[in-house]
Amino acid sequence: MVAVAAAEERVRGVSARAARDAVLTGAVELARAAAEEVAESPQDVGEHLGTVAEAERLISHRFACTMRGYRGWHWTVTLARVPRGRTATVCEVELLPGDGALLAPPWLPWAERLRPGDVGPGDVLPFRADDPRLEPGYVPTGDEEQDAVAIEELALARARVLSPQGRDEAAERWYRGSRGPTARGAVASAAECGSCGFLVPLQGSLGQVFGVCANAWSPDDGKVVSLDHGCGAHSETDVEPQRSEWPDPDPLVDELHVEIVSLLESAAAGTGESGDAAPEPGDATDGTAPEPGAAETVTVTESVVSTVEVTVGTDPAAGTEGDGATATDDVAEQPASAEAADPAADAAPDEPQE
């Protein structure tokens, strides 16, 4: 095993007499009992892995560790005895990693471990007096005009302000971040933030490159953006006109709409009165029969809506006359026409009209 081989290599560095110490080498059960007493459970101490001679009358026994999460670790129990003594004494018991053990990452100070976003609500960072990102602020000189410029206009009335290193680090971080010119939204935008009306510039040297977005519709609202950043909520850009993705609809033809036309007024306007037209001579209803082979014009009035004219012929072969009543019944269902509305249009030229 790997642990045994390592133990053999360490034995070579001590005297052969120490390696042959029968009192300490044979005290395996004493070492196991000491390891089980320190472990949370006796089952956490596994098989005996070997013995390592640390020095004269000083030997360490190693046992496998069976606890979860401690793969490759082992229990080390160091035994010693006095010169010419026949009794082993336990010096220390510890859990040490072996070859291939699962180890934690190297320890780093909190200032090096801290990452953006690690500080949450209620968290407080310890004071760092030697922060290289800061430098002492403005110290009043007693000159009212000079102090007013430094304190009121330049806002330097603080114990510490950004140092050149702090400004450079902030500018590099902002410019290379998600609100710089290389962001995905900035590459796809049609215009830069430098020409947007919602940009609030910063003061000082940082204002030459950065500003604060004040557009509520922008994903960067209230955040520092570079002047060459951009988004789709720019104040001066517009959407390019595009055709609708829906197909053009077919024209609608209304075949169910009925246009209501009053024929009573048109019939009255054609006759000059609202009553029925005067019957013509030779009408089938006056009791006189037409001559065989002749045609007769019959005027039939259906209700008071329209006047219809039809021509009823007699059958010369049969020698019979057409029935006026039958003709009236046959034409009652025919549609009215504009010509039928004026009975005077078919009157004989030599006959007077009423």
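State yes or no: is residue 103 in a loop (DSSP other than H, G, I, E, B), over 30 Å from residue 76 (Cα atoms) and not charged (D, E, K, R)? Judged against the criteria, residue 103 is not a match.
A quick yes/no check of all residues on (1) surrounded by fewer than 18 Cβ atoms within 10 Å (Cβ to Cβ); (2) in the same structural domain as residue 153 (by TED's automatic domain parsing); (3) in contact with a Leu (Cβ under 9 Å, 6 or more places away or on another chain); (4) polar (S, T, N, Q):
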| position | (1), (2), (3), (4) |
| --- | --- |
| 189 | no, no, no, yes |
| 204 | yes, no, yes, no |
| 211 | no, no, yes, no |
| 214 | yes, no, yes, no |
| 218 | no, no, no, yes |
| 221 | yes, no, no, no |
| 227 | no, no, yes, no |
| 244 | yes, no, no, yes |
| 248 | yes, no, no, no |
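Scanning region 176-194 for residues that are part of a helix (DSSP H, G or I) and either modelled with pLDDT of 95 or more or among the hydrophobic types (A, V, I, L, M, F, W, C) (or both) yields a total of 4. For region 82-97, the set of residues classified as exposed (fewer than 10 other Cβ atoms within 10 Å of the Cβ) and within 16 Å of residue 55 (Cα to Cα) consists of 82, 83, 84, listed by residue number.
The values are calculated or read from the model by the stated rules, or taken from the named source; none is laboratory data. Computed from a prediction, not measured in an experiment: that's the story for all the values here. FYI the Cβ positions are ideal-geometry reconstructions off the backbone, even for glycines, and counts take in every protein chain you see.
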